[in-house]
Amino acid sequence: MSQFKKVKKHKRLDPLHDIETLKKLAKQASRRAIKQAGQAGVSAVYIKDGVLV
């Protein structure tokens, strides 16, 4: 028996179990939060690989 769990590539019935849907939701939420922070006058800091961008 294999020790690895198989991940099926078809779209899941529950959108919260679908990785692509979750990535899209996270991206939208992040952009929305940055936009709202900017409108409130709060600056956003971007960090990539431990370096401020």
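The values are calculated or read from the model by the stated rules, or taken from the named source; none is laboratory data. Computed from a prediction, not measured in an experiment: that's the story for all the values here. Ideal geometry is used to build each Cβ from the backbone, glycine not excepted, and the neighbour counts take in all protein chains shown. Side chains are part of the model used for accessible areas, which takes the heavy atoms of the whole protein and leaves out ligands, DNA and RNA. Shrake-Rupley method; radii C 1.70, N 1.55, O 1.52, S 1.80 Å.
Tell me, what ³J(HN,Hα) does each residue in region 35-44 have, in order and in whole Hz, if you take phi through Karplus 6.51 cos²θ - 1.76 cosθ + 1.60 with θ = phi - 60° and put x for Gly and Pro?
Once θ is set to phi - 60°, the couplings for region 35-44 become 5, 5, 5, x, 5, 8, x, 9, 7, 10 Hz.
What order do Ser30, Ser43 take when sorted by accessible area (1.4 Å probe), most exposed first?
Ser43, Ser30
As a test question: what accessible area, to the nearest 10 Å², does Lys48 have when a 1.4 Å probe is rolled over all protein chains in place?
Accessible surface of Lys48 is approximately 130 Å².
Suppose R0 equals 35 Å. What FRET efficiency, 1/(1 + (r/R0)^6) with r the Cβ-Cβ distance, do Val42 and Leu13 give to the nearest 0.05? If you can, show how the numbers build up before the last one.
On the way: r = 39 Å, r/R0 = 1.11.
The pair Val42/Leu13 has a calculated efficiency of 0.35.
Please report the net charge: other residues with Cβ closer than 12 Å to the Cβ of Gly38, K and R +1, D and E -1.
Net charge around Gly38: +3.
For region 17-37, list residues with backbone N below 20 Å from a point placed 7 Å from the Cα of Phe4 toward its Cβ?
In region 17-37, the label zone of Phe4 (backbone N under 20 Å from the point 7 Å along Cα→Cβ) covers 19-20.
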